[in-house]
1. Condition first: crowded, with 16+ Cβ neighbours inside 10 Å, within 11 Å of the ligand (Cβ to nearest atom) and under 11 Å from the mean Cα position of the chain (by Cα). Now tell me which residues in segment 1-20 satisfy that.
2. Name every residue in segment 49-76 that is farther than 17 Å from residue 34 by Cβ and acidic (Asp, Glu), in order of residue number.
3. Being modelled with pLDDT of 95 or more and of a type in the set (Asp, Glu): is that true of residue 78 here?
4. Looking at 88, 98, which is the one that is within 29 Å of residue 198 (Cα to Cα), among the aliphatic types (A, V, I, L, M) and either within 12 Å of the ligand (Cβ to nearest atom) or without any contact (Cβ under 8 Å) to a residue 60 or more places away in the chain (or both)?
5. Can you work out which of the residues in segment 76-104 that are assigned to a strand (DSSP E or B) and polar (S, T, N, Q) is surrounded by the fewest Cβ atoms within 10 Å (Cβ to Cβ)?
6. Checking residue 68 against (1) under 20 Å from the mean Cα position of the chain (by Cα); (2) assigned to a helix (DSSP H, G or I); (3) among the charged types (D, E, K, R), which single condition isn't satisfied?
7. Within segment 30-56, restricting attention to residues that are acidic (Asp, Glu) and assigned to a loop (DSSP other than H, G, I, E, B), which residue is surrounded by the most Cβ atoms within 10 Å (Cβ to Cβ)?
8. Select from segment 30-68 the residues that are of a type in the set (D, E, K, R) and within 12 Å of the ligand (Cβ to nearest atom) and write down the one among them that is nearest to residue 105 (Cα to Cα).
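The values are calculated or read from the model by the stated rules, or taken from the named source; none is laboratory data. If you're wondering where the values come from, they're calculated on a predicted model, not measured in any experiment. Every residue, glycine as well, gets a Cβ built from its backbone with ideal geometry; the counts of neighbours run over all protein chains shown.
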Amino acid sequence: MKKKGALIVVSGPSGVGKGTICKELLKDYDNVEISVSATTRSPRDGEVHGVNYFFTKKEDFEKSIENDDFLEYAKVYENYYGTPKEFVLNKINEGKNVLLEIDIQGALQVKEKYPEGVFVFILPPSLKELKDRIVKRGSETEESLKLRFSKAYEEICLMKEYDYYIMNDEVENAVERLESIIDSQSQKIDGNLEYLLNLYKEEI
Ligand code: 5GP
């Protein structure tokens, strides 16, 4: 019997910097693998198929929904995004920790299906800062910007469903906090009790 990996779900309002935190974490932290999501949105400049996302046609995405291929999926601002179930569950069973960087609707679905995961909510230092970041990113139209920002407070209230928060004041600090959450999650007894007891049972 193998020790199972942990599932770490990082989520929070759009523009809060969860993508940057995860990207920075992966640079020199090898205790976790990130799950690459499928999406129906078009690639942005520099984005690579299979690295940032699996860019997928809407019909194919809908077929995958029917086939129950996703651990969770959500429509985020007119586009579908989904987490491939097989990849995540295989990695966990191989003993690897898996990181999901997904929106809040998706995270809540994962919590229903996989409550032993750890759910981390990224908070902005203030709503003003969040708005500035979304504007700076520059990929939004006036309309989508308004929509994203008006949802932010509503979304922040949903942190009550999560285990940990990380306030993203400085990316470096946020990355350190996330690393320590992952480290402690992989030492949890819950989820690995059978594996741990088996280690000693064999010696009785
Ligand atoms: P973007 O289009 O800026 O890459 O992502 C938009 C939003 O979709 C972000 O909040 C991101 O976290 C979320 N997202 C990315 N992948 C997934 C996924 O597989 N499932 C869900 N539910 N949300 C995702």
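1. 9, 10, 11, 12, 18
2. 59, 60, 62, 66, 68, 69
3. No.
4. Matching residue, one of 88, 98: 88.
5. Step one: of segment 76-104, the residues assigned to a strand (DSSP E or B) are 76, 79-84, 98-101.
Those still in the list that are polar (S, T, N, Q) too: 79, 83.
On the way: 79: 13, 83: 24.
Here the residue is 79.
6. (2)
7. If we filter segment 30-56 for residues that are acidic (Asp, Glu), which is where we start, we get 30, 33, 45, 47.
Next cut, assigned to a loop (DSSP other than H, G, I, E, B) only: 30, 45, 47.
Working: 30: 8, 45: 5, 47: 13.
Of everything passing the filter in segment 30-56, 47 is surrounded by the most Cβ atoms within 10 Å (Cβ to Cβ).
8. Residues of segment 30-68 that are of a type in the set (D, E, K, R), as a first pass: 30, 33, 41, 44-45, 47, 57-60, 62-63, 66, 68.
Of the ones still in play, those that are also within 12 Å of the ligand (Cβ to nearest atom) are 41, 44, 47.
Values: 41: 17, 44: 23, 47: 24 Å.
Per the stated criteria, the residue is 41.
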